[in-house]
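Colleague: Mind having a look at this structure? Questions to follow.
Only the coordinates and a few stated rules stand behind these numbers; no lab work does. The structure displayed is predicted, hence computed values, not measured ones. All Cβ positions, even for glycine, are placed from backbone atoms using ideal geometry, and neighbour counts span all protein chains on display.
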Amino acid sequence: MIEVAAGPGAGEVEDLAASDLLASIRLERAAENTAAARQLVLAAQWADLHPPESIHSAAAFTVPGCEHEEPIAGDGTPLVAEFCIAELGTVLGISTTAAKKLIGHALELRHRLPRLWDQVHAGRVPAWRARSVAETTIHTNPVLTREAAGFVDAQVAAVAGRIGPAQLDRLVAETIKRYDLAVADPTADPEDGYLSVDPRHVTVHDDDVHFAGTMRIEAEVDLADALDLDRAVAHDAATQKALGSQLSLDARRAKALGNLARTQTALDLHASGATGPADTDGLPPAREMVIHAHFDATLSGDTTVFGPTGRMENGQRLVLLEQIQAWCGDTHTSVTIKPVIDLNTPLTAQGYDIPDRIREQIILRDRTCVFPNCSRPARGCDIDHVVPWDEHADAEGRPQPGPTTTSNLAALCRFHHRLKTHSGWRYEASAPGVFEWTAPHGYRYRRDHTGTTELDPPDPPGIPRPRRR
């Protein structure tokens, strides 16, 4: 393990000469890499303390569109109890999914990529580079055996700290290709084009939404498909310019991609016999917008120096009112205005079941799962009774401890709903839409529409906390 001296404090930086400033920056980066490497060790040790039988079933990644789940690390790594991951995530201020990746990468490196693990702790390879290799070896299709991972480790570890990220990705992919080819046919030519890792993908980065209402799309497609797409986008951009568009070429090309998507969606709806209002082309609207209007902007606190704003439910991002107006004004857009629901009005139902009006109020109020740092949209969450409903209370003549009322309801995604029900996590509603969580080891967090705030941490063993006056 590398020992790194602390750099100067913030108040001392202004007095540094250029050479001293560079030296300080170098020290800080070394300290950052050392801390990241140490964090991998601690994450692996946390996993060691929590085998599945200790708390709950083994943690896994759900695969979209598939009926199976992938383990958090590859073959030969120990399984980890799924409920221990959330507590690690909250301490680090990250989501449960991000904490699951951290533990998975740590176990993959320690057990299946030991040479790379040693390089990280010798300070020769930054932790983030090693984690990118681990991410690939964990989720490669077909699954890498332990022997295959060891082959990748032997080829990659020595150079991982001396090449760029893109070159490292290519090296890992090429190493996997050569191993699979050698196993399938030891006499085959490794340059015959066989590739076990198909690089094609289309990724919409919906977790990185710009304030202006834009989103990044990344794709790797077949060469012929790429050329066809380029021609279609160029043609649409030229058409826009001929019709008088004053946008830049890049903006017109971006808009052309959206036009292609909306046109195809409309064609699909038209071919399937969809009915409804048609646009000027005789096709049904391809974009649907549901608008929830609130007269008092202070309800959500979404005020900015740029003027009136709205919030996208699928993305949980603020967008400017003028951007919403532009979306609504498109001829391929169908707009639905929902009745206003006052988020401050308490609503109550007599039984356990949650009526649609109360469910909608909770979804609009909470926006996401209310577990610390969770960002799953509330519309796909369960609506949980914070204080559980007692089905025997009425029969025994006791007041209902967990009524179906706004102040006792919260949106929880299915995982965190199970976590709350079957583990040591507890929470309470201190106000409508404000929840205070307590972790099994005593850490406490407040979650509201502004995000997650850590409250006073628990006292270290044997060290009483000074009493406040």
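Colleague: Under 23 Å between alpha carbons, and skipping anything fewer than 8 positions from Lys255 in its own chain: which lysines qualify?
Modeller: Cross-link targets: Lys241.
Colleague: Sticking with this one: Rounded, prolate or oblate: which fits region 348-454 when a ≥ b ≥ c are the square roots of the eigenvalues of the alpha-carbon gyration tensor, with rounded for a/c under 1.5 and prolate only if a/b beats b/c? Display every interim value, and only then the final one.
Modeller: On the way: a/c = 1.92, a/b = 1.32, b/c = 1.45.
Judged from the Cα gyration tensor, region 348-454 comes out oblate (a/c at least 1.5, b/c at or above a/b).
Colleague: Okay, moving on. Output the peptides 139-151, 371-383 sorted from most to least packed, where packing is the average of other Cβ atoms within 10 Å over each peptide's residues. List each step's numbers first, then the result.
Modeller: Numbers: 139-151: 16.8, 371-383: 20.2.
Taking the mean over residues of other Cβ atoms within 10 Å, the ranking is 371-383, 139-151.
Colleague: Let me ask another. Excluding Ser245 itself, what net charge comes from residues whose Cβ is under 12 Å from its Cβ, given Lys and Arg +1 and Asp and Glu -1?
Modeller: +3
Colleague: Once each part is reduced to its C-alpha centroid, what is the distance from region 70-140 to region 393-421 in angstrom?
Modeller: 36 Å
Colleague: Quote the FRET efficiency, to the nearest 0.05, computed for Asp353 versus Leu21 with a Förster distance R0 of 60 Å and r equal to the Cβ-Cβ distance.
Modeller: 0.40
Colleague: Stretch Ser245-Asp230 to full length: gain in nm at 0.36 nm per residue minus the Cα-Cα span?
Modeller: 3.5 nm
Colleague: Here's another thing I want to ask about it. Please compute the net charge surrounding Gly161, taking Lys and Arg as +1 and Asp and Glu as -1 over other residues with Cβ under 10 Å from its Cβ.
Modeller: Summing Lys/Arg as +1 and Asp/Glu as -1 gives +3.
Colleague: Shifting gears a bit: Where does the charge balance sit around Glu82 when Lys and Arg score +1, Asp and Glu -1, over other residues with C-beta under 10 Å from its C-beta?
Modeller: Summing Lys and Arg as +1 and Asp and Glu as -1 gives +2.
Colleague: Further question: Order the peptides 95-105, 219-229, 235-245, 154-164 from the highest to the lowest mean number of other Cβ atoms within 10 Å of their residues.
Modeller: Those peptides, ordered most packed to least, come out 95-105, 154-164, 235-245, 219-229.
Colleague: Just in region 357-428: which GluC sites (Glu not before Pro) are loop by DSSP and have at most 16 other Cβ atoms within 10 Å?
Modeller: Loop-located and lightly packed - Glu391, Glu396.
Colleague: Once the piece of chain linking Thr421 and Ile163 is laid out straight, how much longer is it, given 0.36 nm per residue of separation minus the C-alpha distance between them?
Modeller: Length gained between Thr421 and Ile163: 88.2 nm.
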